[in-house]
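I'd like to ask you about the structure that follows.
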Amino acid sequence: MAETIQTDIAIVGGGLVGMAMALTMARAHAQSGLSVCLLDAGDPAARANIEADGRASAITATAVNMLKALQVWPRLADHAQPMREIKVTDSQTSARGRPVFLHFDEAVSRAASAHMIENRFIYDALWQAIGETGTVTLHTGHSIETADWGEAAARLVLDDGRNVSAALVIGADGRASPLRASAGIETVGWSYGQHGIVTSVAHEKPHNGIAEEHFLPAGPFAILPLPGNRSSLVWTEREEFARDLVGGDDATFQAELERRFGERLGRIAIDGPRMSYPLGMQLSKAFIAPRLALIGDAAHVVHPIAGLGFNLGLRDVAVLADTVANEARLGLDIGSTAGLSRYQAARRFDTLTTALTSDGLNRLFSNDNAALRMVRDFGLALVDRAGPLKGFFMDQAAGRNTPLPAIMRGDGV
Amino acid sequence: MSKPAPAQSSIIDSEVEKFSALAAQWWDPDGKFHTLHKFNPVRLGYIRERASAHFNIAPDAAKPFSDLRVLDIGCGGGLLCEPMTRLGADVVGADASERNIGTARAHADALGLAIDYRATTAEELAAAGEEFDIVLNMEVVEHVADVSAFIGSCAAMVRPGGLMFVATLNRTLKSFALAIVGAEYVLGWLPRGTHNWEQFVTPGELSRALRDAGLDVQDTSGVRYNPLADAWQRTGDTGVNYLMLGARPAQH
């Protein structure tokens, strides 16, 4: 008879969001008494490497509160670059001087709206913290062959024949989420036919904490400040061109980059691997099923234009942890849809709003039609002159516009 | 097990049959008992908070009730017995309906929860001399024929220093409008005929019955449905659903 691992919660997927979920449940362990397993087909520790994930994330003010409550912020503070200003321009690639139409700064937002941190440092901080809690059981290097959604418990069968029996399975298994498919949950969405090219650059002059978002004809081109004279790039291109660039020679890549980068930061040098990710929008039709809750990309993939993907994932973690802790506190079945429906109700609206806002922005800006360009330039200039409206956008980017679970208000787990 | 016909039982046969017919659907959160599933958090929150304060239990304990013996009278499919067991209590679940007990037992077995389910009545348990730290008497008194006799039997099983929680429906015009017309006929939350308004019990009648049975009434709290939050919440208004807490004085 194959070994059966009994656990209250099985988290599947050790990406950023899955790790954050595991750590949050571990921090709440003393009060909830719930046992937590983290399962991953690969090695989550290996992700803390620029060659594995060269991206950086914008961590909003509320997400910083959460990372402080989880006691991982001290490990990240030295790697975090506050974004003091966001400059948005809209121009043709060849335009030399780019008029700034939107200019967000701390005076408008009351506090730095977000910090940029490279993903490799976030993986490392979360992974170290999970190890130190001693309350998360790790089962890595084994994939899940089948999932059975039973009345009394979910059963996951691993490729080595072992079974995991859990009251609740949390699917953090990414945009293709095999768990979501196994539970029969469908998705809606579309591809943009665009890829996001990601790399890091070192530059001659300091960025002074200024992020730049240029809306170029092929799509947004963002320069996001990292500590020191470095920046992270998110560069949108049509799919084939992005593939050619990433797979091509260094000189061509550098030349194409310089055409778009502008001259504000002086001379530039590529300082990280070049990767490209397909861009698309995908929303799961349901975030829950009996004994299953989906978080992160398994629930929603949004366009990275506003840098909100990881923050949405952290909000999933905060709300789901809150829901599960409340159910456990009352002795209720944490895998029942009676309680999980509160998670779904709290997250679906926020997710849809974010997804549609990001999608709308991208559609508006990924078009070189002259008339459309005039309309959006006029609109951006208006927004720039209207203080309250800018405050709203800045708050939206900082994640301050939706009611927050305790952990994101800085009230602890 | 041969069961003596309860001579002065307060149970009405037609009431028992009504719930037996629904037993299989007890555990579907979207089924016929969805209202009870929605109602569960507010009553469990009240029980946890009040019992922890009364028995000096740390509010953050993972298993707060681990030293307590609990009776859930009229336990139905076990919607309260399972949470109380997870919170550490040693639980006896009693219901007059064999089918409810069968449903509850099968469900608890599947989840690996050890609960002592018995198809019996409060009168029989009291006659057998059973005693508990906490007696849960939730959404039952509005279905019994003789409220004071029933409360007397339940209260007799509360140990000195122990608690009895009662949840029921007030007999007001508002409760007729909301609990009968609204919940059963307009919204369809409950099957028609679930409740009989004439059997609803006022807080005055209930507190008198508790005092007559030797318990001190420590609290009365209203409960109402908040449609915006889609959740039941505590309120000062006892006009429809309410909770009452009785305590048997400790012996000196």
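The values are calculated or read from the model by the stated rules, or taken from the named source; none is laboratory data. These figures come from a predicted structure and were not determined experimentally. Please note: Cβ atoms are built from the backbone with ideal geometry, for glycine as well, and neighbour counts cover all protein chains shown. We work out accessible area using only protein heavy atoms, side chains counted, and drop any ligands, DNA or RNA first. Shrake-Rupley method; radii C 1.70, N 1.55, O 1.52, S 1.80 Å.
State yes or no: is B:ARG48 within 8 Å of chain A (Cβ to nearest Cβ), under 17 Å from B:MET164 (Cα atoms), part of a helix (DSSP H, G or I) and within 17 Å of the chain's Cα centre (by Cα)? Spell out the reasoning first.
On the way: within 8 Å of chain A (Cβ to nearest Cβ): yes; under 17 Å from B:MET164 (Cα atoms): yes; part of a helix (DSSP H, G or I): yes; within 17 Å of the chain's Cα centre (by Cα): yes.
Against the criterion (within 8 Å of chain A (Cβ to nearest Cβ), under 17 Å from B:MET164 (Cα atoms), part of a helix (DSSP H, G or I) and within 17 Å of the chain's Cα centre (by Cα)), B:ARG48 qualifies.
Condition check ((1) touching a Lys or Arg at 6+ places or on another chain (Cβ under 9 Å); (2) within 8 Å of another protein chain (Cβ to nearest Cβ); (3) of a type in the set (Asp, Glu)) across all residues:
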site: B:GLY31; (1), (2), (3): no, no, no
site: B:LYS38; (1), (2), (3): no, yes, no
site: B:ARG43; (1), (2), (3): no, no, no
site: B:HIS54; (1), (2), (3): no, no, no
site: B:GLY88; (1), (2), (3): yes, no, no
site: B:ARG105; (1), (2), (3): no, no, no
site: B:ALA114; (1), (2), (3): no, no, no
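Before we move on, is B:ASP212 open to solvent by 60 Å² or more (accessible area, probe 1.4 Å), at positive phi and more than 19 Å from the chain's Cα centre (by Cα)?
On the way: open to solvent by 60 Å² or more (accessible area, probe 1.4 Å): yes; at positive phi: no; more than 19 Å from the chain's Cα centre (by Cα): yes.
The answer is no for B:ASP212.
Does segment A:142-191 hold any residues that are open to solvent by less than 70 Å² (accessible area, probe 1.4 Å) and among the polar types (S, T, N, Q), and which are they?
Result: A:SER143, A:ASN163, A:SER165, A:SER177, A:SER182, A:THR187.
Output the number of residues of segment B:103-150 satisfying the condition of being open to solvent by 30 Å² or more (accessible area, probe 1.4 Å), part of a loop (DSSP other than H, G, I, E, B) and either under 20 Å from B:THR194 (Cα atoms) or not hydrophobic (A, V, I, L, M, F, W, C) (or both).
Residues meeting the conditions: 7.
Shifting gears a bit: Answer yes or no: is there a residue in segment A:16-25 that is of a type outside the set (A, V, I, L, M) and open to solvent by 10 Å² or more (accessible area, probe 1.4 Å).
Let us first name the residues in segment A:16-25 that are of a type outside the set (A, V, I, L, M), namely A:18, A:24.
Pick out the ones that are also open to solvent by 10 Å² or more (accessible area, probe 1.4 Å) and you get none.
No: segment A:16-25 contains no residue that is of a type outside the set (A, V, I, L, M) and open to solvent by 10 Å² or more (accessible area, probe 1.4 Å).
In segment A:252-340, which strands (runs of 3 or more DSSP E) lie fully inside it and hold 2 or more residues that are touching a residue at least 40 places away in the same chain (Cβ under 8 Å), more than 30 Å from B:GLU49 (Cα to Cα) and in contact with a Gly (Cβ under 9 Å, 6 or more places away or on another chain)?
On the way: elements: A:268-270, A:275-284, A:292-294.
Output list reads A:275-284.
Select from segment B:56-86 the residues that are more than 10 Å from chain A (Cβ to nearest Cβ), among the acidic types (Asp, Glu) and either farther than 16 Å from B:PHE132 by Cα or touching a Pro at 6+ places or on another chain (Cβ under 8 Å) (or both) and list them in ascending order.
None; the set is empty.
Can you tell me which residue within segment A:309-333, out of those that are within 14 Å of another protein chain (Cβ to nearest Cβ) and in contact with a helix residue (DSSP H, G or I) (Cβ under 6 Å, 6 or more places away or on another chain), is farthest from A:ALA346 (Cα to Cα)?
Keep residues of segment A:309-333 that are within 14 Å of another protein chain (Cβ to nearest Cβ), which gives A:322-333.
With the extra rule that they be in contact with a helix residue (DSSP H, G or I) (Cβ under 6 Å, 6 or more places away or on another chain), the set shrinks to A:323, A:325, A:327-328, A:330-332.
Values: A:THR323: 10, A:ALA325: 15, A:GLU327: 15, A:ALA328: 18, A:LEU330: 20, A:GLY331: 21, A:LEU332: 19 Å.
If we take residues in segment A:309-333 being within 14 Å of another protein chain (Cβ to nearest Cβ) and in contact with a helix residue (DSSP H, G or I) (Cβ under 6 Å, 6 or more places away or on another chain), then A:GLY331 is farthest from A:ALA346 (Cα to Cα).
Still on this structure, please answer the following. Return the residues of segment B:192-244 that are over 19 Å from B:SER148 (Cβ atoms), free of Cβ contacts under 8 Å to residues at least 60 places away in the same chain and assigned to a loop (DSSP other than H, G, I, E, B); say none if nothing qualifies.
B:ARG192, B:HIS195, B:PRO227, B:LEU228, B:ALA229, B:GLY236, B:ASP237
Here's something else I'd like to know. Out of all the residues in segment A:30-40, is one or more assigned to a helix (DSSP H, G or I), in contact (Cβ under 8 Å) with a residue 12 or more places away in the chain and within 14 Å of chain B (Cβ to nearest Cβ)? Before you say what the answer is, go through the steps one by one.
Restricting attention to segment A:30-40, the residues satisfying the condition of being assigned to a helix (DSSP H, G or I) are A:30-32.
This time we only want the ones that are in contact (Cβ under 8 Å) with a residue 12 or more places away in the chain, so: A:31-32.
Retained after the next criterion (residues that are within 14 Å of chain B (Cβ to nearest Cβ)): A:31-32.
There is at least one residue in segment A:30-40 that is assigned to a helix (DSSP H, G or I), in contact (Cβ under 8 Å) with a residue 12 or more places away in the chain and within 14 Å of chain B (Cβ to nearest Cβ).
When only residues in segment B:63-102 that are in a strand (DSSP E or B) and touching a Ser or Thr at 6+ places or on another chain (Cβ under 6 Å) count, which is farthest from B:ARG50 (Cα to Cα)? I'd like the intermediate steps shown before the answer.
Taking segment B:63-102 first, the residues in a strand (DSSP E or B) are B:69-73, B:90-95.
Still in the running and touching a Ser or Thr at 6+ places or on another chain (Cβ under 6 Å): B:91, B:94.
Values: B:VAL91: 18, B:ALA94: 22 Å.
Among them, the one singled out is B:ALA94.
So is B:GLY93 under 15 Å from the mean Cα position of the chain (by Cα) and more than 10 Å from chain A (Cβ to nearest Cβ) or not? So that I can check it myself, show each step before the final result.
On the way: under 15 Å from the mean Cα position of the chain (by Cα): yes; more than 10 Å from chain A (Cβ to nearest Cβ): yes.
Here the answer is yes, as B:GLY93 does meet what is asked.
So that you can scan it fast, the table gives a plain yes or no per residue for (1) within 14 Å of another protein chain (Cβ to nearest Cβ); (2) in a strand (DSSP E or B); (3) at pLDDT below 95; (4) within 17 Å of the chain's Cα centre (by Cα):
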{"residue": "A:GLY42", "(1), (2), (3), (4)": "no, no, no, no"}
{"residue": "A:GLU51", "(1), (2), (3), (4)": "no, no, yes, no"}
{"residue": "A:GLY54", "(1), (2), (3), (4)": "no, no, yes, yes"}
{"residue": "A:LEU76", "(1), (2), (3), (4)": "no, no, no, yes"}
{"residue": "A:ALA95", "(1), (2), (3), (4)": "no, no, yes, no"}
{"residue": "A:ALA111", "(1), (2), (3), (4)": "no, no, yes, no"}
{"residue": "A:ILE117", "(1), (2), (3), (4)": "no, yes, yes, yes"}
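While we're looking at this one, here's another question. Which numbered condition trips up A:ALA338, out of (1) aliphatic (A, V, I, L, M); (2) open to solvent by less than 20 Å² (accessible area, probe 1.4 Å); (3) within 13 Å of chain B (Cβ to nearest Cβ)?
Status for A:ALA338: all satisfied but (2).
Hey, among A:ALA10, A:ALA2, which residue is away from chain B (no Cβ under 14 Å), of a type outside the set (Ser, Thr, Tyr), assigned to a loop (DSSP other than H, G, I, E, B) and in contact with a strand residue (DSSP E or B) (Cβ under 9 Å, 6 or more places away or on another chain)? Let's see the steps before the verdict.
Values: A:ALA10 fails: assigned to a loop (DSSP other than H, G, I, E, B).
On inspection, the qualifying residue turns out to be A:ALA2.
Also: Yes or no: B:ALA114 more than 15 Å from the chain's Cα centre (by Cα), aliphatic (A, V, I, L, M) and farther than 19 Å from A:ASP8 by Cβ?
Considered against the rule, which asks whether it is more than 15 Å from the chain's Cα centre (by Cα), aliphatic (A, V, I, L, M) and farther than 19 Å from A:ASP8 by Cβ, B:ALA114 comes out as no.
For A:THR140, are the conditions met, namely being over 27 Å from B:ASP28 (Cβ atoms), in contact with a helix residue (DSSP H, G or I) (Cβ under 7 Å, 6 or more places away or on another chain), among the hydroxyl-bearing types (Ser, Thr, Tyr) and within 14 Å of chain B (Cβ to nearest Cβ)?
Working: over 27 Å from B:ASP28 (Cβ atoms): yes; in contact with a helix residue (DSSP H, G or I) (Cβ under 7 Å, 6 or more places away or on another chain): yes; among the hydroxyl-bearing types (Ser, Thr, Tyr): yes; within 14 Å of chain B (Cβ to nearest Cβ): no.
Criteria not met by A:THR140.
Confirm whether A:ARG230 is basic (Lys, Arg), open to solvent by 10 Å² or more (accessible area, probe 1.4 Å) and farther than 30 Å from A:ALA176 by Cα.
On the way: basic (Lys, Arg): yes; open to solvent by 10 Å² or more (accessible area, probe 1.4 Å): yes; farther than 30 Å from A:ALA176 by Cα: yes.
It is true that A:ARG230 is basic (Lys, Arg), open to solvent by 10 Å² or more (accessible area, probe 1.4 Å) and farther than 30 Å from A:ALA176 by Cα.
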